[in-house]
Amino acid sequence: QVQLVESGGGLVQPGGSLRLSCAASGTIFPIFTMAWYRQAPGKQRELVASITSGGTTNYADSVKGRFTISRDNTKNTMYLQMNSLKPEDTAVYYCYADVANRSRWGQGTQVTVSS
């Protein structure tokens, strides 16, 4: 059974930083694109950033220049470095992975940006 486990969320003040991690386990199949999505209360889930197995990245305009996505294919782990956090970044952040052309999701980790 493939599992995606997020960690690193929490409460941070505006302007602060957090680093999210997503570890994939339970698969022997290749993991293609991985991504971070987020969902704020009352809003639809939105793409934050994605990264292919080859390292090509894509960012939502709202996080460009502040967030950096990366992955370690040897560990099946993805990261999201979030800097200069704003209150509007508050959301549940979800890890997504395309595992052998099947979509997998993590349970989500809460990020709250507040003074």
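The values are calculated or read from the model by the stated rules, or taken from the named source; none is laboratory data. On a predicted model such as this, the values are computed, not experimentally measured, just so you know. Counting neighbours? That spans all protein chains shown, and the Cβs are built from the backbone with ideal geometry, glycine included. Quick note on the areas: whole protein, heavy atoms, side chains included, nothing else; ligands and nucleic acids left out. Shrake-Rupley method; radii C 1.70, N 1.55, O 1.52, S 1.80 Å.
What the table shows:
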{"item": "Karplus (6.51, -1.76, 1.60) ³J(HN,Hα), θ = phi - 60°, over region 85-97, in Hz, Gly and Pro reported as x", "result": "5, 10, x, 6, 7, 4, 4, 8, 9, 10, 8, 10, 9"}
{"item": "Calculated from backbone phi, Karplus (6.51, -1.76, 1.60) coupling profile of region 9-26 in Hz, x at Gly/Pro", "result": "x, x, 9, 9, 7, x, x, x, 10, 9, 10, 8, 10, 9, 10, 9, 9, x"}
{"item": "Fraction of antiparallel bridges per DSSP, the chain only, in percent to nearest 5", "result": "95"}
{"item": "Under 17 Å from the Cα of residue 64 - lysines, other chains or at least 8 residues apart", "result": "86"}
{"item": "Surface accessible to a 1.4 Å probe, per residue, for the residues of the chain, Å²", "result": "54"}
{"item": "Cα centroid of region 99-115 to Cα centroid of region 1-74, whole Å", "result": "7"}
{"item": "Overall Cα dimensions of the chain - principal axes, largest extent first, Å", "result": "43, 25, 23"}
{"item": "Region 1-56, relative contact order in percent, only Cα pairs under 8 angstrom and at least six apart counted", "result": "27"}
{"item": "Residue-count net charge about residue 1 - beta-carbon cut-off 13 Å; Lys, Arg +1, Asp, Glu -1", "result": "+2"}
{"item": "Size of charge dipole - the chain - debye, nearest 20, with Cβ of Lys, Arg +1 and Asp, Glu -1, no other charges", "result": "40"}
{"item": "Other-chain or far-sequence residues with amide H under 5 Å of residue 33's (modelled H)", "result": "53, 98"}
{"item": "Dipole magnitude of region 47-95 about its Cα centre (Cβ charges: Lys, Arg +1; Asp, Glu -1), debye to nearest 20", "result": "120"}
